[in-house]
Amino acid sequence: MYPSFDAFEYVEYLRRRWRVLAGASIAALLLSLGISLLVPKRYTATASIVIEPPGGNDVRLSTAVSPMYLESLKTYERFAESDTLFARAVDRFHLLDPGTSQSIEALKRRVLKVNKLKDTKILEIGATLGDPKLAQGVAQYIAEETVNTNRQESLASDREVVDQAEKEVTDTQRHLGELQQQWNKLVMSQPVESLQSEIDANIDLESKVQQQLVEAQAQAAEYEQQLAQDGQFAREQLQAARARAVLLEKRSQQLERAIADKTTALAAHTAQRTALQTELKVAQTSYETVSARLREYRAAAGTHAEQLRIIDPGIVPQQPTSPNIFLNVAAAIFLAIIASLVYLSLAFVYRRRPVGFETPMTRGMRA
């Protein structure tokens, strides 16, 4: 049987064989360091986008964001991870060498990383390439195109409302133009001012005719009283005064009828003008209303969905993200120490086995 395990003996055994641990560690250090230095360096640039909720400038809406809503924003990762968008980036920055057999999908898995940070409204877009400036350019381009794609989608969703508002403005403007044409024709064909001037002139003339009629009637009455004294002369003057009075009375009646007819026409024209003017004001107000609504729709177009805004286009990275020399060396040394300890432990156990003791493995090998 195996003797009982002695920890002090085991530690002393390891201490005497420290060279094995040191040699393995030094070998792992040199090997990992050499490999890390030979591996091409790759740099990662990261651009950041903030996802504002609809009406994101309203503080009340911003404070009402729930964790479930924040989790739903992960769908915007699809905008940045679009194969079409990455293909455009490949063409723009010439990421694939001519004649290469590598697919765009494989290249995207190596280069692009999109992540919506948990419980935040921040979307991070990382690009990893051998050229740090190129990596920053790709990250910024993907971020800008993601924002543009979201804006175009938002505008497209609001386009139907804007189109309807534009149609209302066009119809209202056309109706307003027709009414203005009718107003111009009415003013030209029915001049109310000249008709009013004619009525005023007729009234003045009729007043003078009435005054002359009164004078003629007074003269006729005077000549009637003179018939007894100067019969023949008074009779002639009386006839002349009465004839003049008859003519003046007819002229007065003609003027009264003209005044009445023109007053009736003036009232009709004024009523028609008033009605058309009222309709014109209503059409003008309606046009101003729908025009203001169209301006509001255009200003608010694209704001009914989340708004994406670049808050950090990223910088040209100064340190490579891979290979991580320190991590590689540390991991290699750690594994070397573990492997050395396993080896020394097995050697320690094998060394302490009793003489003639066979393990199941050695017995099977001898059989």
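When the chain is modelled as a GNM with alpha-carbon springs shorter than 10 Å, which of Asp83, Asp158, Asp200 fluctuates the most?
Checking each option, the largest mean-square fluctuation is seen for Asp200.
When the Kirkwood radius is taken over all Cα pairs of the chain, what Stokes-Einstein diffusion coefficient follows at 37 °C and 0.692 mPa s, in µm²/s?
100 µm²/s
For the pairs Lys108/Lys133; Lys74/Lys108; Lys113/Lys133; Lys185/Lys262; Lys185/Lys208, flag any whose C-alpha to C-alpha distance is greater than 26 Å.
Lys185/Lys208
Pulled fully out, how much extra length does the chain show between Asp312 and Leu266, if you take 0.36 nm times their separation in residues and subtract their Cα-Cα distance?
Full extension of this stretch gives 9.2 nm more.
If we sort 96-102, 123-129 on the protection proxy, mean other Cβ atoms within 10 Å, highest first, what's the order?
The packing order, highest mean first, is 123-129, 96-102.
Could you work out what % of the accessible surface of the range 113-256 is carbon and sulfur, using a 1.4 angstrom probe and leaving DNA, RNA and ligands out of the count?
Looking at the range 113-256 in its full context, I get 48 percent from C and S.
With Cβ to Cβ distances under 13 Å as the rule, what net charge do the other residues near Asn202 carry (K, R +1; D, E -1)?
Net local charge, Asn202 excluded: -2.
Using a/c under 1.5 as the rounded threshold, could you call the range 45-175 rounded, prolate or oblate? The axes a ≥ b ≥ c are square roots of the C-alpha gyration tensor eigenvalues, and prolate needs a/b larger than b/c, oblate otherwise.
oblate
Expressed as a whole percent, how much of the Cα-Cα distance distribution for the range 182-316 exceeds 20 Å?
Pairs farther apart than 20 Å: 71 percent.
Springs between alpha-carbon atoms under 10 Å, Gaussian network over the chain: tell me which of Arg251, Arg298, Arg92 tops the mean-square fluctuations.
Fluctuation is largest for Arg251.
Relative to the present Cα-Cα distance, how much length would full extension add between Leu195 and Gln173 at 0.36 nm per residue of separation?
That works out to 4.7 nm of additional length.
Can you give me the convex hull volume of the Cα atoms of the range 256-329, divided per residue and expressed in Å³?
106 Å³
Using each residue's phi in the range 310-323, evaluate 6.51 cos²θ - 1.76 cosθ + 1.60 at θ = phi - 60° and report the 3J(HN,Hα) Karplus result to the nearest Hz, with x for Gly and Pro.
Ordered by residue, 3J(HN,Hα) equals 6, 9, 7, x, x, 10, 5, x, 9, 10, x, 8, 8, x Hz.
Does anything in the range 252-274 have its amide N under 18 Å from the 7 Å Cα→Cβ label point of Gln210, and if so which residues?
So the set is 252-264.
Quick one: which residues, 5 or more positions from Asp312 or on another chain, have an amide H under 5 Å from its amide H? H modelled 1.01 Å from N in the peptide plane, none for Pro or chain starts.
Hits under the 5 Å cutoff: Ser48.
Under the rule a/c < 1.5 gives rounded, and otherwise a/b versus b/c splits prolate from oblate, where does the range 129-220 land using the Cα gyration tensor?
Here the range 129-220 falls in the prolate category.
Straight-line reach from Lys116: which aspartates and glutamates have a Cα under 19 Å away, not including same-chain ones fewer than 8 places off?
Reachable aspartates and glutamates: Glu52, Glu71, Glu77, Glu81, Asp83, Glu124, Glu144, Glu145, Glu306, Asp312.
Leaving out ligands and nucleic acids, note down the accessible area per residue over the range 71-165 with a 1.4 angstrom probe, in whole Å². Before the final figure, lay out the partial values.
Values: 5290 Å² over 95 residues.
The answer is 56 Å² per residue.
Comparing Ala80, Ala28, Ala300, which has the greatest mean-square fluctuation in the GNM of the chain with Cα pairs linked when under 10 Å apart?
Ala28
Can you give the net charge of the other residues whose Cβ lies under 13 Å from the Cβ of Asp119, counting K and R as +1 and D and E as -1?
Summing Lys/Arg as +1 and Asp/Glu as -1 gives +3.
The values are calculated or read from the model by the stated rules, or taken from the named source; none is laboratory data. These numbers were taken from a predicted model, which means no experiment stands behind them. Ideal geometry is used to build each Cβ from the backbone, glycine not excepted, and the neighbour counts take in all protein chains shown. Keep in mind that these areas ignore ligands, DNA and RNA; they rest on the heavy atoms of the full protein, side chains included. Shrake-Rupley method; radii C 1.70, N 1.55, O 1.52, S 1.80 Å.
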